[in-house]
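First the structure, in the form of structure tokens, and then the observations on it.
The values are calculated or read from the model by the stated rules, or taken from the named source; none is laboratory data. Since the model is a prediction, treat every value here as computed from it, not as a measurement. So basically every Cβ, Gly included, is an ideal-geometry build from the backbone, and we count neighbours across all protein chains shown. For accessibility, only protein heavy atoms count, side chains too; no ligands or nucleic acids. Shrake-Rupley method; radii C 1.70, N 1.55, O 1.52, S 1.80 Å.
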Amino acid sequence: MRDDVEQIQKSGERAAALTRQLLAFSRKQVLEPRVLDLNVVISNTEKMLRVLIGDHIQLKTQLDPTIGRVRVDPGQMEQVILNLAVNARDAMPKGGSIVVKTERVELRENSTLLHTAPSGEYVLISITDTGCGMDAQTQTRIFEPFFTTKGPSKGTGLGLSTVFGIVSQSKGYISVESQLGKGTSFKIYLPQLDLPSEPLSVPVAKRLDSGQVKGTILLVEDSEELRDAFCSCLESRGYTVLKPLSSGEAIATVERFGGNIDLLVTDVVMPQLNGPELAKRLILIQPKMKILFVSGYFDDTLEAFDVVRDCAAFLQKPFSLNALVEKI
């Protein structure tokens, strides 16, 4: 039975990864941008890159120490670098080299990019390989979702579209130069900032064991299956969970409840009241209540939610139940 359960879990993880790639392509994922030195991101990724590309490919880095700072999500930028490096590896089955380079550049209106970038100073990261290259027709389609030159079961066709989505969402620009038999070079332009770097380290969340915690959570989720799964998970860890069937019923539930509610966990897109509208009403009744929004994507609904932003957090679907507990 264990093998069957593990296959179910792997299928769920593959579906979650595919969903995240689609969100990245559509620029609807949640980024956590920081002002940072891109050289540090590349250096942190270099060891993993060497493992991924294999011993038959030489990896070189040429990092300009004078580049300015950029505002990007470090984890997503690592994903961009890894995706491009894996593509380069696949283009060199018999070996070759990959060069990852950073430099300062000044752009004027540049029509060679997929979208014309405004004039200004940029940090350029280029990833260049000596692989098989691409013809002009392939180059026009490489950022399309599900387009792939690889064989069946060899790729989803989402790697480069994910790269495009992340770069675009980071207010950057990307171009590609390639010739058949002469390799490929991807160039990513990110606006340069004159700001100090922010730390990359993130505190590690503590795993909470069953029965270790106490608190009251108001859970508002219009999907019955998700609501039941979340409720079972949280109750097994010692939380008291109130689970109204809708956002409209949630207000009545809070009004009837006599004690303090520690946390509101609510979906964002729901019938009747959406998550931010519901939160605004409920904090009038429970002013000390914290808020955790969960949703598949980050949109203008949440961007406009600034009334209680200081006490609100966000968790992007799809996520594991452990991730939910750690976030809480």
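Please list, ordered by chain and number, the residues whose modelled amide H lies under 5 Å from the amide H of residue 69; skip anything fewer than 5 residues away on the same chain.
Result for residue 69 returns 193, 195.
Tell me which residues come under 5 Å, amide H to amide H, from residue 35 once H is placed; ignore anything under 5 positions away on its chain.
198
Tally Lys and Arg at +1 and Asp and Glu at -1 over the other residues with C-beta under 10 Å from the C-beta of residue 101: what net charge comes out?
In short, 0.
Can you give the accessible area of residue 66, probe radius 1.4 Å, in Å² rounded to 10?
80 Å²
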